[in-house]
C-alpha cells in the first residue's frame, strides 16, 4: 500500500509549512521593532555571498549524508522520524514546492535567529554569548528528539559563524546555506520514502 499522501493532504502540509515559516518573519520584525533593531541590517545581495553560500553548504550536506547513511544510536531515531513523519509529504510534493518551502525556511529562520536574536544577544553578552544564546533557542525550537535539538543547535552555531565569514557581516550567506541545505535534505528524505514505498 502506498504511503504517499493525497493531493489534499499535501496541500494542507504545504500551507501549514508556508504559514508557520512565513510567520517567523513577522515575529522577527515585531521583536526588532520592540528592541529597535533591524533584522535585515546586515543583509546585502552580492556575488561573494552566493559563493560563500554554496561553499558553506557542501560540508553541512556531506555530514548529513554520512549521518543519514550510517544512523548510529540516536541518529537512527532521527532518520526514522524524518522518513515516517516528513517523508510522505515531501515525496508527494512537486520539486518547486520543495524549493519554495526550503527557501522560505532559510529566509524566515535566518532573519529571526541570525538577523534578530544573534545581534540582539551580542549587544547584551558579546559575540560568543550572542552566538551560543541564539542557537540555544534555535535548538530548543527544533526539538523532535534531544539529539535532533542538539544537532540543530550545532548547525545554528555553524550558520552563525558563516554570518561573518566574508569581508563584512552578511545575512544572505546563512540564508543561502540554510535554504540550499534544506532543499537537498528534502530531496534525500523524499527519495528514501519513495524507495521504501516501492519496496512495500
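Read-outs: derived from the displayed coordinates by stated rules, not from any lab. Given the structure is predicted, the values throughout are model-derived calculations rather than measurements. Reconstructed Cβ throughout: ideal geometry from the backbone, glycine too, with neighbour counts over all protein chains shown.
Arranged by the count of other C-beta atoms within 10 angstrom, fewest first, what order do 142, 97, 178 take?
Least crowded to most crowded, the residues run 142, 97, 178.
Computed from the Cα positions only, the extents of the chain along the three principal axes stand at 54, 35, 33 Å, in decreasing order. Note on segment 31-140: Rg/Rh from Cα positions, Kirkwood definition for Rh, rounded to two decimals, is 1.03. Counting every other Cβ atom within 10 Å of each residue's Cβ, 76, 148 order from fewest to most as 76, 148.
With contacts defined as alpha carbon pairs under 8 Å and 6 or more residues apart, what's the relative contact order of the chain in percent?
Relative contact order for the chain comes out at 36 percent.
Cβ-to-Cβ counts within 10 Å put 100, 20, 186, 67 in ascending order as 20, 67, 100, 186, the fewest first.
For residue 140 and residue 95, a Förster radius of 35 Å and the Cβ-Cβ distance give a FRET efficiency of 0.65, rounded to the nearest 0.05. Applying 1/(1 + (r/R0)^6) with R0 = 25 Å to the Cβ-Cβ distance of residue 132 and residue 195 gives a FRET efficiency near 0.05.
In degrees, nearest 10, range 0 to 90: what is the angle between the Cα axis of helix 47-69 and the longest Cα principal axis of the chain? For helix 47-69, the angle is close to 40 degrees.
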